[in-house]
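Q: After the structure tokens below, expect a handful of questions from me.
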Amino acid sequence: MSFQFLLNLPTAFAVILAVSIAATISIALYYLIHPFWAKELSDDTKKTAEVVAMRVGVIYAVVIGMMFANVRIEHFQMIEAIESEASALIRLYSAIERQSDEETSEIQQNLFEYIRFIVDEQWPALREARAFSEGDTISGGGQKLKPVRDYVTKIEKKTGDQNLRQLLDQVEHYHILRVFDKKGNLLPLFWYIAIFGYFATLFTLYVYPPNFRRYSLVSIYSGMVGIVLLGIYILSHPYSVAAGVEPSIFKWLLESSAR
């Protein structure tokens, strides 16, 4: 089942929806499952259920914490790759400018075309999980950098200076890292454990007869789990609208060039 639609909703609405769905599921299951527990339920069974609920809850919290920590680290790494790529582009632009030959302006313009490609074509494609335009390389933007690459190779052969080559390699390196981080690398097993752990915990909470207060407490627990899983899902799709990662620094580079 795909939950991609959640990524395009306003964050507040997505949170409300996640909490509402989780609470509704927990209450409905409470109503359906408790009658099976109610038959010949001894005090020992109730005590055992409390112990099991606590143990399962601890294991579940650890798994959820690992999932959140993993996607959060990947999110930071993507932000770092974006900033590093922009920094390498600025330094490459300045290094080309110092060459002061007849091709300087044209190559600098190629760099801006590459940045414009990121903002106008690549970012929307990544946000919608679409493929890049036909003829482009897997990293996206490879064809836009080809004139720059040819120029750098010519300068390197002419002067032996490898500074331009190193800067261009940095741009391509961070670009590939950024593109390959378009979706988190959480193992599907973690999601299976998260969902199973959620229902296993609820199952042990349904031992006692339902009433308004118990419905409320189970709903609060389910709502909190729903919010955390929603956050993990959003962070594992960093280009989505919900994640809020924008090409701001690349737009700033384009605006600076127009001044």
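Q: So, in the range 93-121, of the ones that are of a type in the set (Val, Ile, Thr) and closer than 30 Å to GLY231 by Cβ, which residue ends up surrounded by the fewest Cβ atoms within 10 Å (Cβ to Cβ)?
A: VAL119
Condition check ((1) without any contact (Cβ under 8 Å) to a residue 60 or more places away in the chain; (2) over 21 Å from the mean Cα position of the chain (by Cα)) across all residues:
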residue: ASN8; (1), (2): no, no
residue: ALA22; (1), (2): no, yes
residue: ILE33; (1), (2): no, yes
residue: ASP43; (1), (2): yes, yes
residue: MET54; (1), (2): yes, yes
residue: ILE59; (1), (2): no, yes
residue: ALA69; (1), (2): yes, no
residue: HIS75; (1), (2): no, no
residue: ILE82; (1), (2): no, no
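Q: While we're looking at this one, here's another question. Are there any pairs with C-beta distances below 8 angstrom linking a residue in the range 144-170 that is more than 24 Å from ARG116 (Cβ to Cβ) to a residue that is of a type in the set (Asp, Glu) and part of a helix (DSSP H, G or I), with the two at least 6 apart or on different chains, and if so which?
A: GLN162/GLU156
Q: Of everything in the range 5-47, what is loosely packed, with under 12 Cβ neighbours inside 10 Å, of a type outside the set (Gly, Ala, Ser) and closer than 20 Å to ILE234 by Cβ? Give them in sequence order.
A: Once the filter is applied, which keeps residues that are loosely packed, with under 12 Cβ neighbours inside 10 Å, of a type outside the set (Gly, Ala, Ser) and closer than 20 Å to ILE234 by Cβ, the range 5-47 yields PHE5, PRO10, PHE13.
Q: Here is a further query. Hey, any hits in the range 58-81 for a residue that's more than 29 Å from LEU189 (Cα to Cα) and β-branched (Val, Ile, Thr)?
A: No: zero hits.
Q: Now, a different point. Sort out which residues of the range 231-248 are outside any loop (DSSP other than H, G, I, E, B) and buried (at least 17 other Cβ atoms within 10 Å of the Cβ), and write them in order of number.
A: GLY231, ILE232, TYR233, ILE234, LEU235 - these are the residues of the range 231-248 that are outside any loop (DSSP other than H, G, I, E, B) and buried (at least 17 other Cβ atoms within 10 Å of the Cβ).
Q: If you scan the range 184-230, which residues turn out to be modelled with pLDDT of 90 or more, of a type in the set (Gly, Ala, Ser) and surrounded by 17 or more Cβ atoms within 10 Å (Cβ to Cβ)?
A: Matches in the range 184-230: SER219, SER222, GLY223, GLY226.
Q: Can you find a residue that is charged (D, E, K, R), surrounded by fewer than 17 Cβ atoms within 10 Å (Cβ to Cβ), touching a residue at least 40 places away in the same chain (Cβ under 8 Å) and closer than 30 Å to VAL119 by Cα anywhere in the range 251-258?
A: yes
Q: If I go through the range 207-243 residue by residue, how many of them are without any contact (Cβ under 8 Å) to a residue 12 or more places away in the chain and under 16 Å from GLN4 (Cα atoms)?
A: Residues meeting the conditions: 0.
Q: Would it be correct to say that SER84 is modelled with pLDDT of 85 or more, among the hydroxyl-bearing types (Ser, Thr, Tyr) and touching a Phe, Trp or Tyr at 6+ places or on another chain (Cβ under 6 Å)?
A: Answer is yes for this residue.
Q: Take the range 75-92 and flag every residue that is more than 15 Å from PRO247 (Cα to Cα) and buried (at least 18 other Cβ atoms within 10 Å of the Cβ).
A: Hits for the range 75-92 are ALA88, LEU92.
Q: Follow-up question, since we're still on this one. Looking at the range 136-152, which of its residues are more than 29 Å from GLU74 (Cα to Cα) and either modelled with pLDDT under 85 or not charged (D, E, K, R) (or both)?
A: PRO147, VAL148, TYR151, VAL152
Q: Kindly evaluate ILE155 against the criterion of being modelled with pLDDT of 80 or more, surrounded by 17 or more Cβ atoms within 10 Å (Cβ to Cβ), within 23 Å of the chain's Cα centre (by Cα) and among the β-branched types (Val, Ile, Thr).
A: No.
The values are calculated or read from the model by the stated rules, or taken from the named source; none is laboratory data. All figures in this text were calculated on a predicted structure; none of them were measured in a lab. When we count neighbours, we look across all protein chains shown, and the Cβ atoms used for this are built from the backbone with ideal geometry, even at glycine.
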